[in-house]
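The structure appears below as structure tokens.
The values are calculated or read from the model by the stated rules, or taken from the named source; none is laboratory data. All of these numbers come straight from a predicted model, not from anything done at the bench. All Cβ positions, even for glycine, are placed from backbone atoms using ideal geometry, and neighbour counts span all protein chains on display. Just the protein is used for accessible areas: all its heavy atoms, side chains included, with ligands, DNA and RNA removed. Shrake-Rupley method; radii C 1.70, N 1.55, O 1.52, S 1.80 Å.
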Amino acid sequence: MELRRWISSIIIALIILLLTFITTIARLLTDYWWFDALGFRTIFMVSLKAKLTLFAVIAALFFIFMAVNLWITGSKTSIKLKLGVSAVLALFVGLMGHNHWFRLLQYQYQSGFGIQDPVFMKDIAFYVFSLPFFNAVWGIAFWCIILTILVVAADYLRSSLTRLAGINRMHAEQPQPVQMPKLGKKPVTHLGILGALAFIMVAIRHHLSKFSIMYSEKGIVVGAGYTDVAVVLPAIKIMIVLALIVAVIFALWAFLAKKMSKRHILMIAIGGYIAIFFIGMSVIPGIVQSLKVSPNEINLETPYIERNIKFTRMAYGIDDIENKDFEVQPIDKSILKEASSTLDNVRLLDWRPLTQTYKQTQEIRLYYDLAGIDIDRYNISGEYTEVMLSPRELNQNKIASNAKTWVNLHMIYTHGYGIVMSPVNDVTEAGLPEYLIKDIPPVYSVEDENLMIDKPQIYYGEQSNTFVLVNTDTKEFDYPKGNTNEYMQYDGDGGVVLDSFFKKLMMAVRFTDIKILLSSDVKPQSKILFKRSIKDRINKVMPFLMLDNDPYLVIDQGRMHWIQDAYTVTSRYPYSEKADTTGMNYIRNSVKVVVDAYDGSVTYYVIDESDPIVKTYARIFPNQFAKFSSMPEGLKKHVRYPEGLFSIQAEMYQTYHMEDPVVFYNKEDAWEIPNEIYGTGQQVQMEPYYIIINLPEEEEPEFILMTPFTPIRKDNMIAWMAARSDGKNYGKLLVYKFPKDKLVYGPSQIEAKFDQDSEISQQLTLWSQRGSRVTRGNLLVIPIDESVLYIEPLYLQAEQGEIPEMKRVLVSDGEKVVMEETLDIALEALFGRAEVDTGEKGRTQEELIQEADRYYDNILESMGNDWQAFGENFDKLGEVLKELKG
């Protein structure tokens, strides 16, 4: 019975191993076909070669080391068993160690930063590339020695127990005192040598650990401070010597076992080492920090604060920000006359309410998803125009449950269709966006080649859909057309061709889906498309790049492309402040990744060739990165500064604009990003926003990303920061500082002015009483020449309704506030119409009649409950009628 169980267990184990082997081979082969189809076979092969080589080297070295040590024990254990144990352990150690393959390649192909740290005078590349590799090598070697000590000790103990058991059997009839197993000279010598090796490794670890003071957080700033340099570093050097002394004692104990039979000498050495380690690395530094450094912190830490400021600014790319003075002047009609390009592109539509509007009006069918709104700019009819757009992706989770058949999910519902696009500032009378592109098939309100889409199908996007099979005998659903549907066949280059039974078998194993193999609709020309989420796709090819949270869709030459910003990051830049909980303290937006939405092709364009990290990656994987100069011109026009990077830089610049160490220490001039009132009245931190403006002293309008700053715990505005995105100016950061002797209202103060205005507050209350939900959009601080304009849209949404409508615009010049139906009317109320030019053509008679109708409706609405509003609308109606008469 026991034999049967044993045999059954072996059979089950063998089956599990076989299945694991088959699935591993299937995943390996299908990955290879996927990489090859994308044109990244080099990356796959370099990675695989590095992994296999590292595995083989580590496993072989450990096998030899373990086998030799087990042979030295001389125990009666079978040689085959010893070799088997060594082989199994070597297999696991190799599997654990091969994960460090990328550190090996980074070390091997590293590029220098050309910057040395001020303590050890080593290039930054040492910390980013070399030190992680050395630590990995140390970790593998140390734990191999510890594992060997445990196995060897167990073998000696087993032999001793076996010998003791034999002696006890021989004297079974004669009472004998209980004998404990004792280690002879050979085991003591053997284990002593291994112990000496272990402590040599500890000494090496101390040597490597001294470089970690470059990331120390014990002082006032990140990096080696006074205590680290004056106390911790010497203590580490002492610990290196002590560890080597303990190693020598182990060796002496090993070779002079008889003369050093008293084990307490060894215990004293180890105990003394531990005590000195605790005192030298914790107690003494703590005392020095508390009693010497803290009372004299500014004097002792000043040089280290200077280092932190310098290296943090370099690590986040904020050391070359151009600072300019912004002499605030009152805004007037003449300034507005010259600001048509800015006023034409004020982002009145807020992306969160707009998402609801898009979803309710343009998703067309339940299985489409318009969840993501992107902001970009296009040249439309000769005008530089800021737009908002959203791809209409297919969300398979929204397919009706009774329609989620295998054929529907994998052969019919394979792709999304088209996009929705609208200008950022154009709304209908009902408060809905004026669409530039809408509906299925796409309907264009403007005939412009920059907007035309020849391939509206979206096979690759932000949705994480399952694999699909194309070019099968089952036609794919293309788009709905009235009561019928249009169907199509995929003709793109993407996907893995299933031109053999073996390929179909491997894909069936990978996806644990036998229907791939059994389906009669799959033919030799059929393809399988998988890894269709663009982030998964990009990460699969280059997992060492960190991706921005917001990829965006671009139309170019009739095709749709995703642009994904990718970052090179590290947490090992000396003296640099950490940006988040991940420990990252260096970042560059070195790569722009472009993914074709139809065929899934991926191209990695290097936009920052000065970055040593991306240069290292390019050396590891030659010819896998493209130069930015090779990017099509149409796509270059849509490259934008990433919001994720800008937010990190703005957060750092709040403190690290202070370069004087004393000012920095006292936080005398610290800034913060202000709050705004958003939605139904919540206070939230302002997010950076894209806008087209003429920067001061610049003649042409450009697409920038900006955010305002206020002094910490104050509401007035102190500066604003901008990142440029167009042409040769891409990537340049600017900070415009307001005069400190002038009060420039911050967002919170302007929000308070809006709330305190009696007309505005009465109207908001009236809407709320009538059952409408008022939603406040983003407050935009708009620099115009040397002046500032504040604009905020208001949305109304019926309690039972799902479509928010933009009904009013709040505008302020810092002193006066108005709320009107449109930006034009609001600017007229603030500055007068006769001399204000918003860049729009004069209103036609039809437009004036429509405006008169609106004022007339407002008069009827306010009669009997709001006589002030009645009078204002009556006056405005009179002005419009006069203009009509003229």
Exercise for review: On a C-alpha basis, how far is the centre of the range 701-749 from the centre of the range 531-606 in Å? Whole number, if you could?
Suggested key: 27 Å
Study note, to complete from the structure: Each label sits 7 Å from Cα toward the beta-carbon; between V288 and S533 the label points are separated, in nm, by 4.9 nm
Exercise for review: Rank these by accessible area, largest first, 1.4 Å probe: D228, D123.
Suggested key: D123, D228
Revision key, fill the gap. Under 5 Å from the placed amide H of I419, counting only residues 5+ away or on other chains, we find R392
Practice item. Consider a paramagnetic label point 7 Å from the Cα of N716 along Cα→Cβ; state which residues of the range 752-778 have an amide N under 20 Å from it. Key: 752-754
Check your understanding: Residues with amide H under 5 Å of I784's amide H, sequence separation 5 or more or different chain, H placed in the peptide plane at 1.01 Å from N; which?
Key -> L789
Review point. Stretch E883-K237 to full length: gain in nm at 0.36 nm per residue minus the Cα-Cα span?
Key: 223.9 nm
Practice item. Quote the FRET efficiency, to the nearest 0.05, computed for K740 versus H264 with a Förster distance R0 of 60 Å and r equal to the Cβ-Cβ distance. Key: 0.25
Study note, to complete from the structure: Once phi for every residue in the range 676-683 is put through the Karplus expression 6.51 cos²θ - 1.76 cosθ + 1.60 (θ = phi - 60°), the whole-Hz ³J(HN,Hα) values, with Gly and Pro written as x, are 9, 8, 10, x, 9, x, 6, 8
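Between N299 and L91, what length in nm is gained on full extension when 0.36 nm per residue of separation is reduced by their alpha carbon distance?
Residue separation times 0.36 nm, minus the Cα-Cα distance, leaves 69.3 nm.
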Review point. Simple spin-label model, 7 Å along Cα-to-Cβ: S629 to T765 in nm?
Key: 6.7 nm
Check your understanding: What translational D, rounded to a whole number of µm²/s, comes out for the chain from Stokes-Einstein when the hydrodynamic radius is the Kirkwood one over Cα pairs, at 25 °C and 0.890 mPa s?
Key -> 74 µm²/s
Review point. Helix-derived [θ] at 222 nm for the chain: sum -39500 (n - 2.57) over DSSP H runs of at least 4, divide by residue count, nearest 500?
Key: -13500 deg cm²/dmol
Point to revise | Set of lysines near K185 by C-alpha distance (under 16 Å), chain-local residues within fewer than 8 positions excluded | key: K258, K259, K262
Practice item. Please give the solvent-accessible surface of K540 in Å², to the nearest 10, using a probe radius of 1.4 Å with every protein chain present. Key: 60 Å²
**Study point:** Amide H contacts under 5 Å for I380, placed H, 5+ residues apart
**Key:** T385
Study note, to complete from the structure: In degrees, nearest 10, the alpha-carbon axis of helix 79-97 is tilted away from the dominant principal axis of the alpha carbons of the chain by 20 degrees
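May I ask you to compute the full-extension gain from E699 to A371, defined as 0.36 nm times their residue separation minus their alpha-carbon distance, rounded to one decimal in nm?
Values: separation 328, 0.36 × 328 = 118.08 nm, distance 3.67 nm.
Fully extending the segment from E699 to A371 adds 114.4 nm.
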Point to revise | Over 26 Å (Cα to Cα) - which of K122/K218; K337/K438; K475/K515; K527/K637; K667/K753 fall in this group | key: K337/K438; K527/K637; K667/K753
Review point. Taking a point 7 angstrom from the Cα of W143 along the C-beta vector, which residues in the range 53-86 have backbone N less than 12 Å away?
Key: none
Study note, to complete from the structure: Relative to the chain, whose Cα atoms define the longest principal axis, helix 264-278 and its Cα axis are tilted in degrees, nearest 10, by 10 degrees
Review point. Going from most exposed to least, what order do R588, R619, R352 have by accessible area with a 1.4 Å probe?
Key: R619, R352, R588
Check your understanding: If one computes the Cα centroid of the range 236-307 and of the range 203-229, what distance in Å separates the two points?
Key -> 15 Å
Check your understanding: Normalised by the residues of the range 387-517, what does the relative contact order come to in percent, with Cα pairs under 8 Å and at least six apart?
Key -> 22 percent
**Study point:** Mean Cα-pair separation over length for the range 345-410, i.e. relative contact order, pairs under 8 Å, 6 or more apart, %
**Key:** 29 percent
Practice item. Evaluate the distance, in nm, between pseudo-label points positioned 7 Å from the Cα of D426 and of K578 along their respective Cα→Cβ axes. Key: 4.9 nm
